[in-house]
Each structure stands twice: as C-alpha cells, then as structure tokens.
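The values are calculated or read from the model by the stated rules, or taken from the named source; none is laboratory data. Everything quoted here is computed from the prediction, not taken from an experiment. Ideal geometry is used to build each Cβ from the backbone, glycine not excepted, and the neighbour counts take in all protein chains shown. To get the accessible areas, we keep the full protein, side chains included, count just its heavy atoms, and leave off ligands, DNA and RNA. Shrake-Rupley method; radii C 1.70, N 1.55, O 1.52, S 1.80 Å.
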Amino acid sequence: MATFLYIDYPTWWYLVVGALFSGYAILDGFDLGAGAWHLFFKKEESRRIALNAIGPVWDGNEVWLVIGGGALFAGFPVVYATLFSFMYIPFMLFLAALIFRAVSIEFRSKEPMKWWRQLWDVSYSVSSILLAFLLGVVLGNVLQGIAIGPDYSFQGTWLQFLNPYAIMVGVSTLALCMMHGAIYLTMKTEGRLFAKITILLRNAIIFFMTSFGLVSLYTLIYLPHLVERLKSHPAFFIFPALAFLSIANIPRLVARRHYRRAFIFSSLTVSLLLALVAIGLYPTLLYSTVDAQYNIDIYNGASSEKSLGIMLIFALIGTPLVLSYTAFVFYTFRGKVKLDETSY
C-alpha cells in the first residue's frame with residue numbers, strides 16, 4: 001500500500017477529513033452558539049450587535065463544511081453513501097436549517113417593521129439551535145453504530161437515528177456550541193450587553209459540563225468499543241487528560257475575565273473531543289450493529305489509492321490557503337462590534 005511519510009493514504013485522508021470537520025466545528029460552532037442565544041437579547045440594538053459579531057465570518061466558516069463534505073465523498077464514498085442513506089431525514093433538516101439561517105441573517109434588516117424582524121429573529125435562533133443539535137445527533141449515531149447489512153446497505157428503520165444516546169450527544173453538542181458562542185460574544189461586545197452575556201456564559205458552562213458528564217458516563221458504560229484503543233495504547237490517554245484540563249480551564253479563565261484565552265481553550269476543547277472520537281473509531285468509520293463483518297473502515301470504504309494520492313496533493317496545497325484566508329478575515333474584523341449604515 002502506498003504511503004507518505006510512512007503513513008498510508010487512507011489514514012492520511014482520515015486525518016484530512018477529521019481536520020476539516022474539526023475546523024468547521026470550531027468556526028461555525030461559535031456562530032451556531034451565538035445564534036442559539038439570540039432570543040435571549042430583548043433589545044433591538046443588542047440583537048443587531050450580536051448578529052454583526054458573526055456577520056463578517058459566518059458564511060466563510062460554512063465553507064469548511066462544504067470542503068469537509070466534499071472530502072468525505074471523495075475519500076470515502078462508501079461511507080458517504082451509507083451514512084446519507086441512514087441519516088437522510090436529519091441531513092435534509094440540516095440543509096433546510098442552513099438555508100433558513102442564511103436567509104434570516106440576510107433578510108432581517110431589510111425592512112423596519114417589528115413583526116418582520118421578530119420573524120427572522122425566531123427563524124435565525126431556531127435554525128441555529130437545530131443545526132447544533134443535528135450535528136450531535138449524527139455524531140451520536142456514528143459513535144453508537146448503524147444497522148449496516150450486506151453490500152453496506154442500511155437495514156434499520158427510518159426513525160432509528162432518533163435514539164436516546166444520539167439525543168444526549170445532540171444536547172451536549174448544543175451546550176458546547178452555546179458555551180463557545182457566548183465566549184466569542186464576550187470578545188465582541190461591551191456595556192450592558194456584555195454584562196448580560198457573562199451571566200449567560202456561566203449558565204452555558206454549567207449546561208455543557210452537566211450534559212457532557214452524562215454523555216461520557218454513558219459512553220464508558222455502554223459503548224466499550226470506543227475505549228478499546230485507549231486501553232490497548234495507553235499513550236493515547238494524553239488526549240482525554242488534555243481534554244479534561246482544557247474544559248476545567250475554561251471557567252477559571254472566565255472567572256478571571258480572560259475571555260480571549262477562554263475562547264482559545266474552548267476551541268481546543270472542541271478539537272480534543274473530536275480527536276478522541278477519531279481515536280475511538282480508527283480504523284473503523286461506521287460500526288455495524290447487525291454484524292461486525294459489515295463494518296466500514298478506512299480501507300474498504302475508501303477510494304482508489306491513486307485517487308487518494310492525487311487528492312492529498314490538492315489538500316496539501318489548498319489547506320494553507322484556507323487557513324490563511326480565515327486568519328486574514330478574523331484579523332481584519334477584530335475588536336468590538338460597532339454598528340453603522342452597512343451593519344445587518
């Protein structure tokens with residue numbers, strides 16, 4: 001099997017897809033979290049400031065989702081096909097929520113009527129909450145396993161995706177996004193709105209730690225396949241240790257009003273938790289709850305080696321460009337939000 005730096009192509013592509021989805025979770029995660037808090041702000045000016053805090057970056061952040069989805073389809077087409085067969089309903093809901101969220105942001109300030117703005121405020125907040133929740137539902141099903149049968153076809157029922165564990169992961173994902181988004185808003189606001197967000201942030205931290213603790217306990221008890229690699233390779237325990245320390249450091253930094261550092265550790269928490277997911281799954285991408293022989297891993301679900309090799313070259317060229325663009329946008333629009341005639 002062809003390798004690059006002593007790592008085979010399927011593993012490299014596994015890392016590429018994971019990195020892209022991690023980038024999306026970090027960047028669009030605070031967008032979704034900010035949107036989830038939107039209806040908690042009662043004043044028109046507060047809502048406009050919160051909306052304009054993500055205004056310059058939200059559409060660029062969604063590019064990571066498009067690239068990640070394309071990379072999954074290109075690198076692991078079998079996984080893409082099977083996952084979409086099973087998760088068709090949540091993915092369609094996700095697509096509808098993406099559309100309504102974008103339309104809400106763009107249309108909200110086009111008319112001055114109060115009812116018009118309230119309509120799009122509700123649409124924006126509800127779609128943001130639904131997006132974060134559905135991301136967790138998809139992740140929960142991937143972790144738990146899917147009813148995959150012969151020819152990698154889905155053998156379950158159409159509502160099987162809505163199971164207790166997936167719902168728990170969905171709620172925990174929403175809580176993480178709300179905490180992440182609240183931290184981001186503290187860096188972009190001031191005055192009374194800033195004071196209110198600091199209160200909401202403390203509640204979000206409690207919400208996340210509680211929900212995450214329940215999910216972790218359930219996972220350790222009922223999903224032992226996700227901790228087998230940690231047991232067989234003790235060196236990997238550095239990742240849960242770092243994740244725990246990163247989570248614990250967030251309330252400490254918030255209490256000291258170091259919000260920029262708290263945002264860094266919030267982003268680090270997202271990446272470390274997804275790294276734990278990647279370690280727990282590898283080399284399997286989709287577990288079959290029907291029979292282990294139908295598991296889809298990075299080898300039987302991947303494209304040809306030649307395709308992976310060519311696409312890896314494009315990834316090596318394109319990834320630095322995307323990172324540079326993202327860094328440039330955030331640097332350009334740094335600082336507190338100031339409303340003007342061009343604001344949403």
Along principal axes, Cα extents of segment 1-156, largest first, whole Å: 61, 39, 22
Among Ala195, Ala327, Ala262: highest mean-square fluctuation, GNM of the chain, C-alpha pairs under 10 Å: Ala327
Lysines with Cα under 24 Å of Lys110, excluding same-chain neighbours fewer than 8 positions away: Lys42, Lys43, Lys188, Lys336, Lys338
Cα-based helix-to-principal-axis angle, 238-255 vs the chain, degrees rounded to 10: 10
The chain, accessible surface, carbon-and-sulfur percent (1.4 angstrom probe): 70
Ranked by how many other beta carbons lie within 10 Å on average, peptides 301-310, 197-206 from highest: 197-206, 301-310
Student exercise, the chain dipole from Lys, Arg, Asp, Glu Cβ charges, in Debye to nearest 20: 1600
Normalised alpha carbon radius of gyration of segment 204-344 [divisor 2.2 N^0.38 Å]: 1.40
Per residue convex hull volume, Cα atoms of the chain, in Å³: 139
Debye intensity ratio I(q)/I(0), log10, segment 92-168, q values 0.22 Å⁻¹ (C-alpha model): -0.94
Charge-dipole axis of segment 157-244 as Lys and Arg at +1 and Asp and Glu at -1 on Cβ define it, positive-most pick from Leu159, Ile197, Phe207: Ile197
Probe 1.4 Å, protein heavy atoms only - accessible area per residue of the chain in square angstrom: 49
Cβ crowding within 10 Å averaged over residues, with 220-227, 161-168 ranked highest first: 161-168, 220-227
Residue with peak Gaussian network fluctuation, the chain [Cα springs, cutoff 10 Å], from Ser267, Ser172, Ser85: Ser85
Spin-label proximity, Leu321 to segment 3-18 - amide N less than 13 Å from point 7 Å beyond Cα toward beta carbon: none
